[in-house]
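Have a look at the structure below, then the notes.
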Amino acid sequence: MIFKEEISCEKKSDNKIEFKAKKKTRIPQAKQLPVRAGHLEAEAQQREKSSIRVRIRHILKSRDFTEIIESGRKVRGRTIAAHFKKDKDSKELTIGIIASKRFIPTAVKRNYIRRLIYAYFREYGDSLAPGVRAVIRVARNVGGIRKNQLAREIREELTRIFHKIS
């Protein structure tokens, strides 16, 4: 049990300070719920399921971007253009995203679009052939579209592009 104690302070005539305990109050503790073994196992399994995703390597160098854009296959949708190139040597999914300031004026929305695209590839990237290198480019002004509508549009567009490639 934990107690809270109120203390009073008095100054005596001989310049000494005396402390006195006024009141002792019990502080209620939060109840801890019993942990069930089955609950922990289910939580661990859920964590494992959510972590089974495709590992994505990000394209960072400009020469890698230009190589894929110039020599890869191009598929264009309404809002997104995708450039793909298959590597026979590599087994991982490599992605680069171009979200220019010209088409998406605010940084918040540009980053939101990048996160959407990476999340999509993490979730559905295993359906692509291994060794695919892709550059996804926002090809239209999407600055005025609301976030939820934009997310839906991008997911639909990526799905359409996937079906054209596969």
*asked:* I'm told residue 53 meets every condition in (1) modelled with pLDDT under 60; (2) out of contact with any Lys or Arg (no Cβ under 8 Å at 6 or more places or on another chain) except one. Can you identify the failing condition by its number?
replied: (2)
*asked:* Quick check on my filter: what residues within the stretch 86-110 are of a type in the set (D, E, K, R), touching a strand residue (DSSP E or B) at 6+ places or on another chain (Cβ under 9 Å) and touching a residue at least 12 places away in the same chain (Cβ under 8 Å)?
replied: 86, 87, 92
*Identify the single condition in (1) in contact with a strand residue (DSSP E or B) (Cβ under 7 Å, 6 or more places away or on another chain); (2) in a loop (DSSP other than H, G, I, E, B) that residue 113 does not satisfy, given that it satisfies every other one.*
(2)
*All but one of (1) surrounded by fewer than 15 Cβ atoms within 10 Å (Cβ to Cβ); (2) at pLDDT 60 or above; (3) part of a loop (DSSP other than H, G, I, E, B); (4) in contact with a Lys or Arg (Cβ under 7 Å, 6 or more places away or on another chain) hold for residue 60; which doesn't?*
(4)
*asked:* If the requirement is being open to solvent by less than 90 Å² (accessible area, probe 1.4 Å), in a strand (DSSP E or B) and hydrophobic (A, V, I, L, M, F, W, C), which of these qualifies: 134, 151, 129?
replied: 134
*Pick from 74, 86: which is open to solvent by 40 Å² or more (accessible area, probe 1.4 Å) and touching a His at 6+ places or on another chain (Cβ under 8 Å)?*
74
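The values are calculated or read from the model by the stated rules, or taken from the named source; none is laboratory data. Just so we're clear, the structure is a prediction, and the values are computed from it rather than from any experiment. So basically every Cβ, Gly included, is an ideal-geometry build from the backbone, and we count neighbours across all protein chains shown. Note: accessible area is taken over every heavy atom of the protein model, side chains too, but ligands, DNA and RNA are not part of it. Shrake-Rupley method; radii C 1.70, N 1.55, O 1.52, S 1.80 Å.
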